[in-house]
Amino acid sequence: MRKAYLLFINILFVFTTYGQLKTKEFTHDDTLRGSITPERSWWDLKYYELRVKVNPPEKYISGSTSVYYQVLKPYQTIQIDLQPPLAIDKVTQDGKELSFKKDGKNAYMIALKKKQEKGKRESIVVYYSGNPIVAKRPPWDGGVQWVKDSQGNDYVATSCQGLGASAWWPCKDHMYDECDSMLISITVPENLKDVSNGRLRQVISNSDGTKTFNWFVSNPINNYGINMNVGNYEHFGDTYEGEKGKLTLDYYVLPENIAKAKEQFKQVPMMLKAFEYWFGPYPFYEDGYKLVEVPYLGMEHQSSVTYGNKYKNGYLGRDLSGTGWGMKWDFIIVHESGHEWFANNITYKDIADMWIHESFTNYSENLFTEYYYGKEAGAAYVIGCRKNILNKAPIIGTYNVNSGGSGDMYYKGGNMLHTMRQIVDDDARWRQVLRGLNKTFYHQTVVSKQIEDYVSEKSGKNFSKVFDQYLRDIRIPELEYKIENGKLVYRWSNCIEGFNMPVKVAINQDKTNFIYPTTQWQTLKQEGVTEIKLDENFYVTIKKAE
């Protein structure tokens, strides 16, 4: 009998901040997908060799994944994930066919004949085929997208964050374990090209009217960051002189958009300059940087960022902040490329901690704006984005069941980081925190606590209550105050127990200064107080007590 965490139904009881009891049911499949099962924990993924043949007219793919791994402890069953309608046809180890059985909808438990000895390096080859999940609303509801371009050519793209890479190829579909490097070999009709991650090593013309594109990724890569993009692409390129030397920039677009792309993609070096300043060197010099046109909005595929923003500034021509600053730059180029640092370099182990990707990358939009248009512009942008915050569910999701948190991880998370910067009150130090994160956790998978502890330690501020308030609670802290006999009396309300975040206020229209509220009433020593104004850079509210 399997352990409790593999029961067919896990029922999570979630108490909201207002004491209401909510229940959410998670299935056995959610647990198999989202937890480090015994059939995963015993082996360390080292290398993938992914080979896929794409048949656009039939919306059909077939191929194999060679999985190379190191044995951490002896075990004789290995879990590989693949989502229907795709199916595993055969599995071999050292040329010998292995038996397997499905557990739930997506997990295949493969029985290994060869004795698995600690420290040894082994491999299996998983053969598969079928019609993969068709993306309904990519990239949010992903899979494989099969469309035609304006000239009638097949145009195919993958996107699978959350859904999982097992939607289109067999893999160890959990974020905690990344391969160290990877070969991606995609075979397509000879009139098309494939663009995937890493560097193009070889193009092979086959006798059956197809071509094979072999791409090699030299760096660790997460599963959802792996992609194939098949189309009638044209290529142009450039180089960027960055912090680690020369970085190749490669652009793949449809022929009718080449002129527009050459103009719009001038923002790529601008993005790299700003983000290398704030976050440190681009994390994948060995694999280069690519921007690839796709038929959906875009995604942060590692070293192969996908682009569908219609060559417009803003978000499809719209400023998400409502301030005008968001129309100064192309949202997809800035946001999705920002994920190269926060998502692809520093990667969550569990999607419940997706804020590590999205909060920092939302905040990167603010920092890009500041780098080119000034500190006030950057602040106006992030503050303007507050209108998009819902505060209906916590940012952090549920662990071990592949369940992400609230979409507030974007705008609320970005405003949390902007607020923290005000508390640090030292821009040089704050920049070193951001750069230090990317150096300390370089090419690593992490949990939220690691990031939270690092920010507190390196900033010199204990942000534990701030993280708890903004990541794990839906209330926005309220600075409650009253003026009694010319003195300011104040406290935090609408917040977690023990919340003690400093905040800046202006008293009597003077310059702003810090006060240090707790959840208990306290009185400021200053006399003659007649009015108080909150510094709007802090994501809090203010209320005069009755």
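The values are calculated or read from the model by the stated rules, or taken from the named source; none is laboratory data. Note that the structure is a prediction, hence the values are computed from the model and not measured. Every residue, glycine among them, receives a Cβ derived from its backbone with ideal geometry; neighbour counts consider all protein chains shown. The area values use the complete protein model at the heavy-atom level, side chains included, leaving out ligands, DNA and RNA. Shrake-Rupley method; radii C 1.70, N 1.55, O 1.52, S 1.80 Å.
Values as computed for the structure displayed
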| read-out | value |
| --- | --- |
| Label-point separation in nm, ASP94 to SER41, each point 7 Å along Cα→Cβ | 2.7 |
| Within the range 472-501: backbone nitrogen closer than 11 Å to the GLU527 label point (7 Å, Cα to C-beta) | 486-487 |
| The range 128-195: projected area of the alpha-carbon convex hull, averaged over directions, in nm² | 5.7 |
| The range 95-116 and the range 470-546: distance between their alpha carbon centers, rounded to Å | 60 |
| Förster radius 25 Å - calculated FRET efficiency between ASP426 and LYS487, Cβ distance, rounded to 0.05 | 0.25 |
| Accessible area expressed per residue, the chain, with surrounding protein chains retained (probe 1.4 Å, Å²) | 41 |
| Where the Cα pairs of the range 77-176 fall when distances are cut into 5 Å bins, in % | 3, 12, 20, 19, 16, 12, 8, 6, 3, 1, 1 |
| Per-peptide average of other Cβ atoms within 10 Å, ordering 435-442, 227-234, 360-367 highest first | 360-367, 227-234, 435-442 |
| Dipole magnitude of the range 369-471, debye to nearest 20 (Cβ charges: Lys/Arg +1, Asp/Glu -1, about Cα centre) | 80 |
| Lys, Arg +1 and Asp, Glu -1 on Cβ, resulting dipole of the chain about Cα centre, debye, nearest 20 | 800 |
| HN-Hα J in Hz across the range 178-190 - Karplus 6.51, -1.76, 1.60, θ = phi - 60°, x for Gly and Pro | 9, 6, 7, 7, 6, 9, 10, 10, 10, 9, 9, x, 5 |
| Compactness relative to 2.2 N^0.38 Å, alpha carbon Rg of the chain | 1.05 |
| The range 245-356 - Rg (one decimal) and Dmax (whole number), Cα, Å | 14.0, 41 |
| Kirkwood Rh, angstrom, the range 27-67 [1 / mean 1/r, Cα pairs] | 13.0 |
| Ranked packing of 216-223, 334-341, most packed first, by mean Cβ within 10 Å | 334-341, 216-223 |
| Signed unit charges on C-beta, dipole axis of the chain, positive-most listed residue MET299, PHE100, TYR348 | PHE100 |
| Within the range 72-118: Cβ-based charge dipole about Cα centre, in debye rounded to nearest 20 (Lys, Arg +1; Asp, Glu -1) | 200 |
| Computed FRET value (nearest 0.05) for ARG137 with LYS543, which takes r as the C-beta separation and R₀ as 56 Å | 0.90 |
| Inter-site label distance for LYS59 and THR440 at 7 Å from Cα along Cβ, in nm | 4.7 |
| Prolate/oblate/rounded label for the range 170-289 (Cα gyration tensor, a/c 1.5) | oblate |
| Theoretical FRET efficiency, 1/(1+(r/R0)^6), r = Cβ-Cβ of GLN76 and TYR127, R0 30 Å, to 0.05 | 0.90 |
| Relative pair counts by distance (%), Cα atoms of the range 462-546, 10 Å bins | 18, 54, 24, 4 |
| Debye equation applied to the C-alpha atoms of the range 351-508, log10 I(q)/I(0) at 0.09, 0.17, 0.19 Å⁻¹ | -0.31, -1.10, -1.35 |
| Under 17 Å from the LYS246 label point (7 Å along Cα→beta-carbon), backbone N, the range 254-283 | none |
| Principal axis dimensions, largest first and in whole angstrom, of the range 413-478 by Cα | 36, 27, 18 |
| Accessible surface of the chain [probe 1.4 Å, protein heavy atoms]: carbon and sulfur percent | 49 |
| Label-point gap, in nm, between GLU263 and LEU390 - each point 7 angstrom along Cα→Cβ | 3.7 |
| The chain - share of DSSP beta bridges that are antiparallel (%, nearest 5) | 80 |
| Cα-based Rg and Dmax for the range 93-234, where Dmax is the largest Cα-Cα distance (Å) | 16.9, 55 |
| Per-peptide average of other Cβ atoms within 10 Å, ordering 71-78, 468-475, 162-169 highest first | 162-169, 468-475, 71-78 |
